[in-house]
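Remarks on the structure that follows.
Each reported figure results from applying straightforward, stated rules to the coordinates on display, with no laboratory input. Predicted model only: the values in this text are computed from it and were never measured. All Cβ positions, even for glycine, are placed from backbone atoms using ideal geometry, and neighbour counts span all protein chains on display.
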Amino acid sequence: MEEKLKELEAKVKIAIAAAKTLSELQEVHNLYFSRKGELAGLMNELAKLSSAERPKMGQAINSAKVALLTEFEQKQSELKRAEMESQLEEEWVDITAPGVDGHRGHIHPLSQVQQEVEEIFSSMGFEIKDGPEVESEYFNFEGLNIPASHPARDMQDTFFVDENPDKDFGRLVLRTHTSPVQVRTMQAEGAPLRIIVPGRVFRYEATDASHDSTFYQVEGLLVDEDISLAHLKGVMEEFLTRLFQKEVHVRFRPGYFPFVEPGLELDFGCLLCEQKGCKTCKFTGWIEFMGAGMVHPFVLKAGGINPEKYQGWAFGFGLTRLVMMRHRIPDIRLNFGGDVRFLNQF
Ligand code: DAH
């Protein structure tokens with residue numbers, strides 16, 4: 001039996017040494033150390049011995065078991081450490097590595113240009129104003145000296161809101177221009193004034209490459225004492241030069257708008273051909289840019305401002321058109337079509 005114990009000891013030592021993983025080691029445990037394992041089996045055989053031999057052999061088995069268990073436990077902690085290390089290795093993350101940039105959207109080209117316009121005019125002392133898109137007939141037309149008989153009041157041009165007219169302000173309309181904010185601001189703040197009004201406007205219009213029922217304008221209004229069109233020329237030259245980052249010239253042509261007197265059209269020198277004449281400027285060297293003029297005394301009065309003391313000029317240009325010029329966008333419908341292939345170019 002002593003012999004058997006020696007053999008078993010050797011076998012267990014080899015098995016412990018050979019185990020490469022914790023689960024292999026667990027098998028060694030099951031095989032030799034468990035209640036039905038070989039060491040227990042040997043214990044059971046003690047019954048066969050004489051009562052003189054039994055205690056000695058019992059002790060021998062026990063001390064062998066204790067020694068083997070120590071070895072087992074050592075191996076167990078070795079394997080545990082190794083497995084933890086390899087797990088750490090696997091899960092290691094380089095927290096100093098640069099991250100992966102997720103997809104972030106960007107500002108719409110129209111808003112980009114609007115922000116630039118606002119920045120330039122702000123730096124010249126203009127305030128940014130806003131007004132309602134659903135406007136009264138009064139502010140959209142009447143207050144701007146556009147009488148009921150004017151063609152702009154025609155159903156062809158205007159979306160009317162289906163609601164009972166107000167006795168003073170008339171029907172509700174989707175504003176056809178940003179000009180109504182002129183009278184609103186004059187009424188609210190009086191003179192002197194220096195404002196721009198970027199905003200969305202609506203026309204009852206058949207849509208094609210250059211017309212849309214919704215587009216954006218920027219209104220401008222300056223009211224003060226001793227104001228002339230020379231100031232408008234200076235402000236617009238400065239504005240366009242800063243916007244295009246190239247020296248820009250402007251010229252006035254006579255033009256008619258009911259809310260200004262005199263009224264004019266402002267053109268700027270074509271930047272593509274340096275005013276030599278090209279397809280873009282239709283070989284004239286000039287690009288039509290906006291309507292403007294000295295604010296009509298009727299409009300100043302509607303705004304509660306004394307036209308004997310104050311005068312000023314106003315202008316209105318198409319922000320959508322400006323964006324199209326800047327990026328050479330050939331079709332107005334692309335702007336708000338929501339096609340990301342288009343938008344991602346800007
Ligand atoms: N409101 C005009 C339009 O939509 C543009 C305009 C012309 C605005 C002359 C003005 C102006 O302030 O003085 O066509």
For the chain, the longest site-free run once trypsin sites (Lys or Arg not before Pro) in DSSP loop states with at most 14 other Cβ atoms within 10 Å are removed: 168-245
Inter-label distance for Asn62 and Arg35, nm, one decimal - labels placed 7 Å from Cα along Cα-to-Cβ: 2.0
The chain: angle of helix 2-18 to the longest principal axis, Cα-based, in degrees nearest 10: 20
Residue of Phe141, Phe283, Phe159 that the Gaussian network model of the chain assigns the largest fluctuation, springs spanning Cα pairs under 10 Å: Phe283
Pairwise label distance in nanometres, Ser50 with Trp92, each label 7 Å out on the Cα-Cβ vector: 6.5
Karplus 3J(HN,Hα) series, Hz, for region 100-107 with 6.51 cos²θ - 1.76 cosθ + 1.60 (x for Gly, Pro): 8, 6, x, 6, 10, x, 9, 6
Within the chain: Cβ-based charge dipole about Cα centre, in debye rounded to nearest 20 (Lys, Arg +1; Asp, Glu -1): 920
Per principal axis, descending, Cα span of the chain in whole Å: 136, 54, 40
Net charge of Cβ neighbours under 15 Å - reference Asp226; Lys, Arg +1; Asp, Glu -1: -1
Residues whose placed amide H lies under 5 Å from that of Phe289, excluding near-sequence neighbours: Leu266, Asp267, Phe268
Highest-fluctuation residue, Tyr256, Tyr32, Tyr216 considered, GNM on the chain with Cα pairs under 10 Å: Tyr32
Rough spin-label spacing in nm, given labels placed 7 Å along Cα→Cβ, for Gln74 and Lys246: 8.6
Among the listed pairs Lys36/Lys56; Lys129/Lys167; Lys20/Lys65; Lys20/Lys75, those beyond 19 Å (Cα-Cα): Lys36/Lys56; Lys129/Lys167; Lys20/Lys65
Calculated [θ] (222 nm, deg cm²/dmol) that DSSP helices of n ≥ 4 give over the chain, each run adding -39,500 (n - 2.57): -12000 deg cm²/dmol
Förster radius 45 Å - calculated FRET efficiency between Ser228 and His327, Cβ distance, rounded to 0.05: 0.85
